[in-house]
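Just so it is clear, none of the values below were taken in a lab; they were calculated from the coordinates. Nothing here was measured: the structure is a model prediction, and the numbers come from that model. Glycine also receives a Cβ, built like all others from the backbone with ideal geometry; neighbour counts cover every protein chain displayed.
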Ligand code: GAR
């Protein structure tokens with residue numbers, strides 16, 4: 001099964017996918033897409049000989065538009081798009097033109113702590129301030145609204161002993177690296193069922 005992974009920065013979830021034992025030899029990251037021209041996730045992708053593409057709303061020499069990107073992914077037989085720390089809203093037109101599903105990993109237990117502005121440390125700061133005892137990543141389908149597509153799975157983690165938002169972030173990130181490859185593996189099982 002071929003996937004495209006969308007990133008905006010660090011790329012630790014991308015690494016978890018590429019290095020995952022359960023996905024090895026079954027799921028192939030064909031392209032890594034970012035809204036940035038350069039980022040650590042791109043460096044990692046290139047070190048693994050994975051193609052990279054920058055997408056933007058504008059038509060510039062170094063980037064593709066969302067329309068062009070949908071055509072490229074469709075023509076290259078991508079079976080699933082995975083947003084792994086991609087922080088821009090995906091345009092509705094792109095979702096309509098793409099022939100496959102899009103999933104996203106969010107660093108909190110949706111439907112709480114989702115929506116515009118709720119990404120990265122903003123999420124963990126809000127969770128820490130609330131005094132919640134549990135957090136954890138959620139994987140969900142992507143639709144036109146931030147973090148509102150149907151929930152696929154989550155992985156709760158006890159954060160009652162966390163002393164800072166950073167501690168929550170690292171507890172949640174550890175679970176992200178387990179949950180995301182597992183969810184992709186479930187998509188793979190469904191995909192082989194249909195092939
Ligand atoms: C991850 O914690 C991911 O859940 C979050 O950005 C981080 C990216 O880390 N995504 C969102 O907040 C989306 N709303 P990574 O680049 O190391 O995978």
How many residues, within segment 5-20, are near the ligand (Cβ under 9 Å from one of its atoms), surrounded by fewer than 21 Cβ atoms within 10 Å (Cβ to Cβ) and part of a loop (DSSP other than H, G, I, E, B)? 3
Pairs please, first residue from segment 74-93 and at positive phi and touching a residue at least 12 places away in the same chain (Cβ under 8 Å), second anywhere and part of a strand (DSSP E or B) and more than 10 Å from the ligand (Cβ to nearest atom), Cβ atoms under 7 Å, 6+ apart in sequence or on different chains. 77/2
Kindly indicate whether residue 139 is surrounded by 14 or more Cβ atoms within 10 Å (Cβ to Cβ), assigned to a helix (DSSP H, G or I) and touching a residue at least 12 places away in the same chain (Cβ under 8 Å). no
Scanning segment 120-135 residue by residue, the ones that are surrounded by 20 or more Cβ atoms within 10 Å (Cβ to Cβ) and within 10 Å of the ligand (Cβ to nearest atom) total 2
Inter-residue pairs, beta-carbon under 6 Å, first within 14 Å of residue 186 (Cα to Cα) and in segment 19-47, second part of a loop (DSSP other than H, G, I, E, B), 6+ apart: 27/1
Is it true that residue 23 is assigned to a loop (DSSP other than H, G, I, E, B), crowded, with 20+ Cβ neighbours inside 10 Å and in contact with a helix residue (DSSP H, G or I) (Cβ under 7 Å, 6 or more places away or on another chain)? yes
Would you check if residue 163 is more than 14 Å from the chain's Cα centre (by Cα), more than 23 Å from residue 14 (Cβ to Cβ) and touching a residue at least 12 places away in the same chain (Cβ under 8 Å)? no
Filter result (in contact with a helix residue (DSSP H, G or I) (Cβ under 8 Å, 6 or more places away or on another chain), under 20 Å from residue 77 (Cα atoms) and either within 16 Å of the ligand (Cβ to nearest atom) or part of a strand (DSSP E or B) (or both)) within segment 26-47: 29, 31, 32, 33, 34, 45
For segment 119-131, state whether one or more residues are outside any loop (DSSP other than H, G, I, E, B) and over 24 Å from residue 173 (Cα atoms). no
Can you pull out every residue in segment 81-106 that is more than 13 Å from the ligand (Cβ to nearest atom) and in a loop (DSSP other than H, G, I, E, B)? 91, 98, 99, 100
